[in-house]
Amino acid sequence: MSSLFQRVTDCGVIAVLRAKSTAELMDVANALYAGGVTAIEVTMTTPGALDVIKVVSAELGGKVVVGVGSVLDPETARAAILAGADYVVAPTLNEAVVRITKRYGKVSIPGAFTPTEILRAWDSGADAVKVFPTSSVGPQYLKDLKGPLPQIPLVPTGGVSVETCGDFIRAGAVAVGAGSALVDSKAVAAGDWATIADTAKRMVEEVRKARAGS
């Protein structure tokens, strides 16, 4: 396990962020950090995503590991890495994205769902595989996958909440990806950063307890 991958998965929660502006995302990122989340994924669906990654990396790079999500092609992966992204997450598998990410020494987490797709992603050089979407199958599916594929680090995304994150970790996840369940849109609209920090703290604590075997 590389030291960078260790940093990405350290707290066990990868925050998947979509924001309307750089300022809003910075406020959310700071609230998440206050709650103990140290991996921030800026999706390419965020307006001006590359500029956002550049700003967040410059201002929070010493505190959190900044990544890019929703990456569909190698050109986007390279641009995001040059903007400051340390890890690249995708909803699907594109081997060219994995290759360019590893060429720059960054962490690659492509998306896959079936056992065949997951193994193909791992064989392509991925550091971990994003199992997506897991909202309709839950932690048991992850446990089923880990039986024949124990060597592959899995990051379930979709359906992950404070209530379910521990179950996913106990099922074998190396970390979980969480979006709306972690960052409530109403709290963001109200500028209620304390609520977001509290949710982050509770999710990180559930992951910690699950890793400790409780």
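The values are calculated or read from the model by the stated rules, or taken from the named source; none is laboratory data. Quick caveat: nothing in here was measured; it's all calculated off a predicted structure. Counting neighbours? That spans all protein chains shown, and the Cβs are built from the backbone with ideal geometry, glycine included. Just so you know, the surface numbers come from the protein's heavy atoms only, side chains and all, with ligands and any DNA or RNA stripped out. Shrake-Rupley method; radii C 1.70, N 1.55, O 1.52, S 1.80 Å.
Observations
- Set Glu41, Glu24: member being crowded, with 16+ Cβ neighbours inside 10 Å and closer than 14 Å to Gly177 by Cβ: Glu41
- Residue in the stretch 141-159 that is open to solvent by less than 10 Å² (accessible area, probe 1.4 Å), over 20 Å from Leu93 (Cα atoms) and in a loop (DSSP other than H, G, I, E, B) present: no
- Residue match in the stretch 68-78 (condition: over 20 Å from Ala128 (Cβ atoms), without any contact (Cβ under 8 Å) to a residue 12 or more places away in the chain and either assigned to a loop (DSSP other than H, G, I, E, B) or out of contact with any Cys (no Cβ under 7 Å at 6 or more places or on another chain) (or both)): yes
- Here Val162 does not fit the description of being surrounded by 16 or more Cβ atoms within 10 Å (Cβ to Cβ) and under 12 Å from the mean Cα position of the chain (by Cα).
- The sole residue among Ala200, Ala181 that is of a type in the set (Gly, Ala, Ser), crowded, with 22+ Cβ neighbours inside 10 Å and under 14 Å from the mean Cα position of the chain (by Cα) is Ala200.
- Search result, residues across the stretch 98-125 that are in contact with a Pro (Cβ under 7 Å, 6 or more places away or on another chain) and open to solvent by less than 10 Å² (accessible area, probe 1.4 Å): Val98, Gly111, Ala121
- Candidates in the stretch 79-97 are the residues that are open to solvent by 30 Å² or more (accessible area, probe 1.4 Å) and under 18 Å from the mean Cα position of the chain (by Cα); of these, the one that is nearest to Ala58 (Cα to Cα) is Asp86.
- Matching residues, the stretch 5-21, being modelled with pLDDT of 95 or more and open to solvent by 30 Å² or more (accessible area, probe 1.4 Å): Gln6, Arg7, Asp10
- For the condition open to solvent by 10 Å² or more (accessible area, probe 1.4 Å) and modelled with pLDDT under 95, Gly62 qualifies.
- Summed over the stretch 185-214, residues that are hydroxyl-bearing (Ser, Thr, Tyr) and over 16 Å from Gly36 (Cα atoms) total 2.
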